[in-house]
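Asks: This structure is in structure tokens; I'll ask about it shortly.
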Amino acid sequence: VELAIRLDEREAEPLHRRLYEALRAAILSGRLGPGQKVPSTRALASSLGVSRSTVTQSYEQLLGEGYLQAEVGSGTFVSRQLPEELGHAPKVEPPWPERAGGLPELSRYGASLLQSATIRAPGPEAAIDFRPGRPALDVFPWRVWRRLLLRHLRAAETAMLDYAEAPLGHRPLREELARFLARSRAVSCTAEQVLMVNGSQQAIDLVTRVLVEPGQVVALEDPGYLGARRAFLAQGARVAPVPVDGDGLEVEALSRSPAVQARLVYVTPSHQFPTGGTLALPRRLELLAWAERSGAVLVEDDYDNEYRYGGRPVPALQGLGRGAPVIYVGTFSKVLFPALRLGYVVAPPGLADVLGRAKALADRQSPLLEQYALADFVAEGHLERHLRRMRTLYAGRRRVLEEALEEAFGGRVEVLGDRAGMHLTARIETGLADEEAVRRAHAAGVGLGSLAPYCLEAQRPGEFLFGYASLGERLIREGVRRLAQALLHPRERF
Ligand SMILES: Cc1ncc(COP(=O)(O)O)c(C=O)c1O
């Protein structure tokens with residue numbers, strides 16, 4: 001076993017003491033892990049150029065204190081049961097003063113990150129979690145996905161290990177996506193316009209960097225997607241809220257200040273996030289016409305576009321006007337799984353190239369193995385098959401949720417938005433403040449979110465989000481039952 005130990009020559013302390021300190025520090029920092037064998041006293045003495053008794057002395061102290069343990073016949077090891085204090089990570093003192101928050105001077109960008117709460121990590125789970133965003137991961141098509149990954153691992157194409165040839169991503173995947181988006185979403189584009197990114201979050205981030213100067217206005221649906229709002233604020237943009245109603249963004253509000261100056265308008269036309277409305281066709285045309293007049297660029301986030309349960313499919317904004325100033329953003333986070341971190345941007349050709357340069361600067365390229373497998377997944381029809389299966393599953397879950405809400409809350413509940421996507425928004429009259437309702441729900445083991453965090457100027461008290469895609473029908477019923485119990489006065493329960 002090699003041990004890199006540095007003993008400071010000038011220290012006044014005796015050598016065996018310094019060696020003891022150095023070994024102890026290595027164990028405490030985890031450089032020497034529990035159960036790891038340490039060199040024999042002879043070997044360490046000779047590698048450090050110290051006497052063997054020096055090493056023996058320091059080992060004995062560490063043995064005595066329980067940091068090391070000797071096993072007859074096989075040597076000396078870092079103890080598996082380490083002394084008490086090892087359970088606690090050593091306190092790291094930041095090199096910057098406490099009054100500065102223990103931080104160096106941050107850029108405007110860095111400072112803006114501290115303004116908003118961190119993007120939600122799953123956190124300690126409620127037993128039944130209605131918070132939106134997760135697909136049904138338990139029915140993920142593992143076998144197909146595994147087979148496609150293995151196919152490419154077996155083929156051992158060295159190109160897959162290399163820097164990508166095309167700056168925009170794996171070409172066959174981009175071609176498949178261009179065809180798929182044309183079939184399913186009426187997006188009109190060529191592979192040259194498709195840029196592969198690490199999910200829609202990266203798409204929004206890159207688009208903002210490339211198009212928005214600090215101080216410029218970005219218009220955002222209100223209530224709207226937090227991931228987008230945070231990216232705009234981090235870039236120093238002024239965020240102009242635009243109200244939404246049951247038909248999505250209220251386009252005529254874009255003619256009012258400050259939205260009228262917007263460089264960029266972020267919209268979720270298929271299924272407004274979070275309220276669930278679908279942007280009606282006349283509004284789509286109005287929005288495109290407005291963008292052409294004003295010179296603003298539209299960012300169309302089609303995050304869960306594939307899921308509609310009844311009603312006619314709505315073609316993407318992107319394909320509605322020839323040469324429309326639209327950047328279309330899609331993701332595999334909802335249709336496959338969020339950890340895949342693959343999404344795509346469809347942009348007018350010149351802009352796709354600029355976005356590709358920004359992507360190259362951020363992280364060069366997205367991982368290729370997954371892009372190879374995904375290209376086959378789309379080409380061989382697995383994506384559309386999976387979508388069909390999920391559509392049936394989610395439609396059923398949504399129906400059960402709507403029925404359960406109706407049953408539990410009767411006239412006190414109103415389901416808002418269209419039959420689409422992976423969550424619904426419901427207005428529930430409970431007489432409680434939203435935070436109190438959310439707190440009570442959590443206490444009853446039900447994860448629930450109100451609309452409040454998504455609102456800028458909008459006021460939507462009593463409205464809650466119900467993600468249903470990841471919950472089985474039994475859990476949905478049980479969750480709603482518990483909610484009614486937690487939120488309604490016994491007299492009012494149905
Ligand atoms: C409106 C919206 N866009 C995009 C996403 C997905 O983000 P990503 O593709 O970065 O996982 C979400 C997920 O919650 C969303 O709600």
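The values are calculated or read from the model by the stated rules, or taken from the named source; none is laboratory data. All values reported here derive from a predicted model rather than from experimental measurement. So basically every Cβ, Gly included, is an ideal-geometry build from the backbone, and we count neighbours across all protein chains shown.
Asks: Tell me the residue from A191, A203, A219, A228 that is near the ligand (Cβ under 9 Å from one of its atoms), of a type in the set (A, V, I, L, M) and over 17 Å from L361 (Cα atoms), please.
Replies: Values: A191 fails: near the ligand (Cβ under 9 Å from one of its atoms); A203 fails: over 17 Å from L361 (Cα atoms); A219 fails: near the ligand (Cβ under 9 Å from one of its atoms).
Just a single option satisfies the conditions, and that option is A228.
Asks: Please determine, by comparing only the residues of the stretch 140-182 that are within 29 Å of Y468 (Cβ to Cβ) and loosely packed, with under 12 Cβ neighbours inside 10 Å, which one is farthest from the ligand (Cβ to nearest atom). Explain how you work it out, then say what you get.
Replies: Here is the first cut: in the stretch 140-182, the residues within 29 Å of Y468 (Cβ to Cβ) are 140-146, 148, 177, 180-181.
Within this subset, residues satisfying the condition of being loosely packed, with under 12 Cβ neighbours inside 10 Å are 142-143, 146.
Numbers: W142: 20, R143: 24, R146: 22 Å.
By that ranking, first place goes to R143.
Asks: Oh, and also: Within the stretch 248-267, work out how many residues are surrounded by 24 or more Cβ atoms within 10 Å (Cβ to Cβ), of a type in the set (S, T, Y) and over 12 Å from V326 (Cα atoms).
Replies: Summing the residues that are surrounded by 24 or more Cβ atoms within 10 Å (Cβ to Cβ), of a type in the set (S, T, Y) and over 12 Å from V326 (Cα atoms) in the stretch 248-267 gives 0.
Asks: Residues P243, P274: which one is surrounded by fewer than 17 Cβ atoms within 10 Å (Cβ to Cβ), within 24 Å of G449 (Cα to Cα) and touching a residue at least 60 places away in the same chain (Cβ under 8 Å)? Reasoning before the result, please.
Replies: Values: P274 fails: surrounded by fewer than 17 Cβ atoms within 10 Å (Cβ to Cβ).
From the options P243, P274, the qualifying one is P243.
Asks: If the Cβ limit is 9 Å and pairs must be 6+ apart or interchain, which residue in the stretch 12-30 that is surrounded by 18 or more Cβ atoms within 10 Å (Cβ to Cβ) pairs with which residue that is part of a helix (DSSP H, G or I) and of a type in the set (F, W, Y)?
Replies: Between residues of the stretch 12-30 that are surrounded by 18 or more Cβ atoms within 10 Å (Cβ to Cβ) and residues that are part of a helix (DSSP H, G or I) and of a type in the set (F, W, Y), the close pairs are L19/Y59; Y20/Y59; L23/Y59.
Asks: Additional query: Is at least one residue of the stretch 199-211 buried (at least 19 other Cβ atoms within 10 Å of the Cβ) and either modelled with pLDDT under 95 or assigned to a loop (DSSP other than H, G, I, E, B) (or both)? Break it down stepwise before answering.
Replies: Taking the stretch 199-211 as the starting set, the residues that turn out to be buried (at least 19 other Cβ atoms within 10 Å of the Cβ) are 199-208, 211.
After this cut, where a residue has to be either modelled with pLDDT under 95 or assigned to a loop (DSSP other than H, G, I, E, B) (or both) as well, the list is none.
No, because not a single residue in the stretch 199-211 is buried (at least 19 other Cβ atoms within 10 Å of the Cβ) and either modelled with pLDDT under 95 or assigned to a loop (DSSP other than H, G, I, E, B) (or both).
Asks: Show the residue pairs meeting these rules: Cβ distance below 8 Å; 6+ apart or different chains; first residue within the stretch 41-63 and closer than 19 Å to R6 by Cβ; second residue of a type in the set (S, T, N, Q).
Replies: Here the result reads T41/T56; A45/S51; A45/T54; V55/T41; Y59/T41; Y59/T76, each pair linking the stretch 41-63 to a residue that is of a type in the set (S, T, N, Q).
Asks: Yes or no: the stretch 450-470 includes at least one residue that is polar (S, T, N, Q) and touching a residue at least 24 places away in the same chain (Cβ under 8 Å). Walk me through it before giving the result.
Replies: Let us first name the residues in the stretch 450-470 that are polar (S, T, N, Q), namely 450, 459, 470.
Imposing the further condition that a residue be touching a residue at least 24 places away in the same chain (Cβ under 8 Å) reduces the set to 470.
Within the stretch 450-470, one or more residues are polar (S, T, N, Q) and touching a residue at least 24 places away in the same chain (Cβ under 8 Å).
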